[in-house]
1. Based on the alpha-carbon gyration tensor of the range 99-188 and its eigenvalue square roots a ≥ b ≥ c, which shape applies: rounded if a/c is under 1.5, prolate if not and a/b is larger than b/c, or oblate?
2. Quick check on the range 94-248: what does the Kirkwood estimate of hydrodynamic radius come out to from the alpha carbon pairs, in Å?
3. As a footprinting exposure proxy, order 326, 224, 356 by other Cβ within 10 Å, with the fewest listed first.
4. Can you give the three extents of the C-alpha atoms in the range 124-167 along their principal axes, from longest to shortest, in whole Å?
5. Which value, to two decimals, describes the C-alpha radius of gyration of the range 198-248 once divided by 2.2 N^0.38 Å?
6. Rounded to the nearest 5, what % of the DSSP beta bridges within the chain are antiparallel ones?
7. Using 0.36 nm per residue, how much length does the chain from residue 321 to residue 276 gain when fully extended, once their Cα-Cα distance is taken away?
8. Can you sort 389, 396 by how many other beta carbons sit within 10 Å, fewest first?
């Protein structure tokens with residue numbers, strides 16, 4: 001009792017000596033639409049003709065057992081002016097605006113918006129709108145500091161689950177914690193752009209996130225014909241699935257994907273959308289499919305993916321929850337889990353060059369699996385023809401990490417060499433090529449196939 005009285009007295013003193021001090025109030029959606037307007041100096045919440053300051057409103061629907069239960073079609077609009085941050089808590093919100101309604105939740109303005117999740121929150125928007133529709137130029141951050149909240153956001157036709165409505169981009173989106181499920185409406189991304197919109201500067205740092213594109217949309221990235229770039233997954237459990245023609249992470253159908261980073265202890269499951277009569281299949285990470293070609297895979301930057309992290313890649317059409325991935329990329333204690341890059345000259349600083357990379361016959365980087373056991377590094381690629389490339393400088397990086405031998409495995413051949421044998425052969429760029437069962441190795445213009453095991 002004494003502790004409670006002390007806290008109450010502290011709150012009274014804060015109210016007396018801090019100008020504008022207010023306690024967070026609960027606002028119930030059954031009572032009407034709610035608007036939140038944040039400036040540099042205040043935050044005002046309005047509903048049903050009433051407006052008052054509230055620095056962190058708790059927006060909710062009434063508890064089960066009330067006379068007003070179930071979903072409401074009333075909406076939430078959060079506006080943050082330039083240099084301002086709006087703070088809102090969603091607690092057991094249930095909004096469904098119907099097919100002809102607007103966005104369940106809209107963020108707008110030049111400032112930033114922070115949404116905290118408490119309880120179970122579900123929002124469904126009307127056609128052309130995203131479930132959580134981001135119109136502001138600042139950053140939308142979704143978090144769950146208390147680890148007790150979830151959000152399921154579904155876009156209407158043409159809208160992303162979280163991001164842009166039809167014909168709008170979805171950018172500057174961060175998910176830092178919480179259980180978040182984002183489902184794109186037809187032609188929209190799960191997280192990112194709506195139909196004909198792109199997704200960029202999207203970061204997931206923690207939590208359990210599931211992003212599913214609508215027809216022709218990417219899981220994370222662009223809606224139909226939209227691009228996906230600047231997508232970073234730093235941690236958490238993330239599942240990203242494109243729908244027909246859309247990439248898992250990257251572009252929607254007929255869209256491109258680039259600049260993807262997966263790092264830390266992120267555990268990622270990813271799947272491109274399968275083909276249909278309009279589009280070929282989308283890449284797991286990269287481009288969406290087109291009417292004539294499959295989406296091109298793009299190697300993400302995984303140089304900082306730790307041993308706790310991994311990427312599981314599922315073939316389009318497989319059950320991502322029950323089937324076995326056709327490829328798993330495991331994080332390692334070095335820059336050799338899934339390196340992107342192009343052939344580098346020996347003069348490129350080692351700190352800026354990938355330790356090594358794998359290319360197709362046209363010289364384009366392709367994904368591969370790398371595993372180190374004791375002092376042997378095994379690089380495996382699902383291809384008949386492929387080349388392992390690097391420089392003698394990069395081999396010295398691997399040697400410093402305790403690796404003494406590299407094995408290269410393709411569909412038709414296996415070969416191996418010791419780092420010491422290659423390093424004593426000279427300096428420069430090396431290329432180990434498997435063409436079916438034919439194996440060759442060169443250092444610069446010199447054939448050094450004799451060092452192979």
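Laboratory data are not the source of any read-out in this text; all were calculated from the coordinates shown. This one's a predicted model, so the numbers in the text were calculated from it and none came from an experiment. Note that we place each Cβ from the backbone using ideal geometry, even for glycine, and neighbour counts take in every protein chain shown.
1. Values: a/c = 2.09, a/b = 1.32, b/c = 1.59.
Because a/c hits 1.5 or more and a/b fails to exceed b/c, the range 99-188 counts as oblate.
2. On the way: mean 1/r = 0.0715 Å⁻¹.
Taking the inverse mean of 1/r over all distinct Cα pairs, the range 94-248 comes out at 14.0 Å.
3. Numbers: 326 13, 224 33, 356 26.
Lowest to highest Cβ neighbour count: 326, 356, 224.
4. That gives 34, 23, 9 Å along the principal axes, largest extent first.
5. Numbers: Rg = 10.4 Å, N = 51, 2.2 N^0.38 = 9.8 Å.
Expressed relative to 2.2 N^0.38 Å, the Cα Rg reads 1.06.
6. Values: 42 of 142 bridges.
Antiparallel: roughly 30 percent of the beta bridges in the chain.
7. Working: separation 45, 0.36 × 45 = 16.20 nm, distance 2.20 nm.
Additional length available on full extension: 14.0 nm.
8. 396, 389
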